[in-house]
Amino acid sequence: MIIHDSCELCYSDLVIFSNPNLVFEQASLAAAHWLSAAFWRKFANFVKSGCISRELKTMGISRSTTAGVNVPGYSKAGIRKSRTSRWRGAALITLNLFMIAHIIQWRVMGKTISPIEPSETMHTLQKGFVNAGFIFFSLAIMATLIFGRFVCGWGCHILALQDLCGWLLKKMGLHPKPFRSRLLVYVPLVAALYMFVWPTAYRLFSNPAHEPIIPKFTNHLVITNFWQTFPSVAVAIPFLFICGFVTVYFLGQKGFCTYACPYGGFFGLADKFSPGKIRVTPACNQCGHCTATCTSNVLVHAEVKQYGMVVDPGCMKCMDCVSVCPNDALYFGFGKPTLFAPKSNAIKRSYSLTWPEEIVGALVFMGSFLAVRGVYALVPFLMALGCAAVTTFLALKLWRLLRARELSFYRFNLKSSGKIRKAGWAFAAFACAWIGLNAHSGWVRYHEFLGNLAFNKIHLPDELALAQVNPVRWLSPADRENVLRGKEHYVAASKTGLFVNSEVLPKLAWFEYLSGDAEQSVQTLGKAAAYQKDESKALSLYYRGAILNRLARYDEARASLDEALAEREDLILARQEKGESLWQLGRKEEAVSVWTGAVQRNSQLVLVNNELAGATRASGKLDEADLYEKQADLFTPNDPLYHWVLGRRLQDLGMTELAEKHLQQAGQLGGSGAMPNEH
Ligand code: SF4
Ligand code: SF4
């Protein structure tokens, strides 16, 4: 598509060529400007193949006759092919190779530099972990403040995927058409604020945990658990497919950058301040080759005419427009940033949506995002944004398919003369399946959300709940109601869900345990552990072991606790419970050894010190027993329930003397009749 075909000279009002006052203003920067202009002209010339007009003239071919003719180095539309794209392609391939090398190095050596990924900045802001991602993101923003969005165009792996998809589609004869929305372009900035500003603002204004506003910074540049903050490979593949390919097919070549990327939200903002811009000389004749080439949906010819530079923050400085300009009229140079460009409404942009459609689209986007984000504990934030953008497009296109008389998509005729064609039915089927899947995710998410709400309302301490096999007596009427409702919602989510939610299962198991169904709870925790890894798996196995101990299934309990410790050997409570299993199985020396290992890690463990006091007293080592008992008493809270829990647990182990002591203290502190009668 060529925007203008006239040869009329539309000189831009670029300051350095036409306005003497501004020439004077620039005088102090002349040397630096000349040097930078010389460099960037050199760079641009390096990637150019020469002036199309002159080349074509020498070949005896005029521009009007080049369209549709195969001339080496030119597209069918007669536009010179960009040479920069090869360099950019090489840079992006190198980037991907570096990423692969980084993963291989970590797998081979066991430790490596933390992920060079902007999302890691969240851990710096929230937990104070100074990592490579934070350093990279900070440097990238600073570079963007000076040079503009080069990092996006030349150093982003998602953009590389989008470019690859765009290239493949073009090879198939499909040219991705940009979806232009006025409202959804704000999504990246809102997402960036949510990711990087909201957590700090929340701590500032509402901080129930009294965490410091600025966390204590610690060095996390070299790590061993490289993959910890990334989704599993099973999630990463659909994530890259949706963000890199599906968004390009439906929303245009930079669909994900424009409507989903939160980092782009900050880079776009920084670009407005940057003096580095694509600028124009008077040689521009408004042919429109630059706009036709730009895959970032920038109206290059119109912006350079109006402002003397590209002001659109979507410009990723890919330099394609510089490379294809037949008059060598574009260059990268320094001057006024966008913020100081005079405001103008002269450039009329065309949008894909009417205002009512924009509003409906924004609502659909929000609904879809809430429906898919975190569903089954699988869909990460960025993937949810990408899915929501695609859902919005499909919903609005489907609406038009129903209402319009004529509709097409790529080269496919969806509807003509009011009749839906085969391609239209295929599109409608796909759109309905996609939207239906979203709606289904929303249904599951709704139940998960209400289940979580009920779960968070229960404040029964674990120690109290796990003191004996049926903790129902400790539940208030409100707790019982929450357990009932929460269980119903989680069961509904699990029954209708397409995948197992490994985060919901342990909570469902806890509801089952609290409602008195310990057997079912053990089964559910076993199922949860099968889908989990690392800390969450260790915790599920620990709770399973603890409940099995209460059920007197000590051998199974010990096996489960061993598995928990294999995942996380620092899970000290699992050692405490394992000691109890061994004690009950008659393997008393092993039990003492496990408990001793636990107090060596943490000498303040009250129950374990009591258990060691009971065990050593039983073997006649009275002095040692006194020491353990004193150590336990030192850290025992003056709380009747706590004493009752200790008494109950020690009673189970047959350590009656100590159990009596704590049950009596519980009675005294809580008043007569306050504690349940354990006799
Ligand atoms: S900058 Fe170059 S490609 Fe763009 S409209 Fe002007 S002459 Fe054409
Ligand atoms: S305006 Fe030019 S440099 Fe910017 S993204 Fe478009 S083609 Fe690339």
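The values are calculated or read from the model by the stated rules, or taken from the named source; none is laboratory data. These numbers come from a predicted model, not from an experiment. Neighbour counts are summed over all protein chains in view; Cβ atoms, including those assigned to glycine, are modelled from backbone coordinates with ideal geometry. When the accessible area is computed, the model is the full protein with side chains, heavy atoms only, and any ligands, DNA or RNA have been set aside. Shrake-Rupley method; radii C 1.70, N 1.55, O 1.52, S 1.80 Å.
Please give the helix 588-601 orientation as an angle from the longest Cα principal axis of the chain, in degrees from 0 to 90, rounded to the nearest 10.
Long axis of 588-601 versus the principal axis of the chain: about 50 degrees.
Just the Cα atoms of segment 95-233, one point each, no solvent: what log10 I(q)/I(0) does Debye give at q = 0.14, 0.21 Å⁻¹?
Treating every Cα as an identical point scatterer, log10 I(q)/I(0) equals -0.88, -1.38.
Karplus couplings for segment 215-223 from phi (6.51 cos²θ - 1.76 cosθ + 1.60, θ = phi - 60°), rounded to Hz, Gly and Pro as x?
Values, residue by residue: x, 6, 7, 10, 7, 10, 6, 10, 9 Hz.
Kindly report, to the nearest 10 Å², the accessible surface of residue 463 as traced by a 1.4 Å probe over protein heavy atoms only.
Around 100 Å² of this residue is reachable by solvent.
Just to be sure I understand: of the beta bridges DSSP finds with both ends in the chain, what percent are antiparallel, rounded to 5?
If we restrict to bridges inside the chain, about 90 percent are antiparallel.
Which order, highest average first, do 342-353, 191-202, 287-298 follow once you tally other Cβ atoms within 10 Å for each residue and take the mean per peptide?
287-298, 191-202, 342-353
I'm a student and want to see the number: the projected area of the Cα convex hull of segment 107-186, averaged over all directions, in nm².
If you wrap the Cα atoms of segment 107-186 in a convex hull and average its projections, you get 8.7 nm².
In sequence order, what are the phi-derived ³J(HN,Hα) couplings for segment 238-249 according to the Karplus relation 6.51 cos²θ - 1.76 cosθ + 1.60 with θ = phi - 60°, rounded to whole Hz, with x for glycine and proline?
After applying 6.51 cos²θ - 1.76 cosθ + 1.60, I find x, 4, 5, 5, 6, 6, x, 10, 4, 5, 5, 4 Hz.
Determine ³J(HN,Hα), in whole Hz, for all residues of segment 650-658 in sequence, where each value follows from phi through the Karplus function 6.51 cos²θ - 1.76 cosθ + 1.60 and θ = phi - 60°; x replaces Gly and Pro.
5, 4, 4, 8, x, 8, 5, 4, 5
How big is the shadow of the Cα convex hull of segment 298-407, averaged over all directions, in nm²?
Result: 10.7 nm².
When only alpha-carbon atoms count, how far does segment 573-679 stretch along each of its three principal axes, as whole angstroms with the largest first?
38, 27, 26
Work out how far the C-alpha atoms of the chain reach from end to end along every principal axis, then list the three figures in whole Å, largest first.
If we take the Cα atoms of the chain, the spans are 108, 64, 44 Å.
Can you send over the solvent-accessible area of residue 543, 1.4 Å probe, protein chains only, in Å² to the nearest 10?
Accessible surface of residue 543 is approximately 60 Å².
Quick one: order 221, 339 from most to least accessible surface, probe 1.4 Å.
Accessible-area ranking of 221, 339, largest first: 339, 221.
How many percent of all Cα-Cα pairs in segment 342-411 sit more than 16 Å apart?
Cα-Cα pairs of segment 342-411 separated by over 16 Å account for 59 percent.
In whole percent, how big is the carbon plus sulfur part of the accessible area of the chain, probe 1.4 Å, protein atoms only?
Exposed carbon and sulfur together represent 63 percent of the surface.
Please arrange 635, 427 by accessible surface area, largest first, computed with a 1.4 Å probe and ligands excluded.
Greatest to least solvent exposure: 635, 427.
So what's Rg/Rh here for segment 416-500, counting alpha carbon atoms and using the Kirkwood radius for Rh?
In segment 416-500, Rg relative to Rh is 1.34.
With a 1.4 Å probe and every protein chain left in place, tell me how much accessible area residue 108 has, in Å² to the nearest 10.
110 Å²
For segment 475-560, report the % of Cα-Cα distances exceeding 14 Å.
That tail contains 63 percent of the Cα-Cα pairs.
Between residue 332 and residues 5 or more places away or on another chain, which pairs have amide H atoms under 5 Å apart, with H built 1.01 Å from N, and which residues are they?
Under 5 Å from the amide H of residue 332 lie the amide H atoms of 279, each far enough along the sequence or on another chain.
Work out the P(r) tail for segment 244-293: percent of alpha carbon pairs separated by more than 17 Å, whole number.
So the portion of pairs separated by more than 17 Å is 59 percent.
Please quote Rg/Rh for segment 190-330 to two decimal places, taking the Kirkwood radius as Rh and restricting both calculations to Cα atoms.
Radius of gyration over Kirkwood radius for segment 190-330 works out to 1.11.
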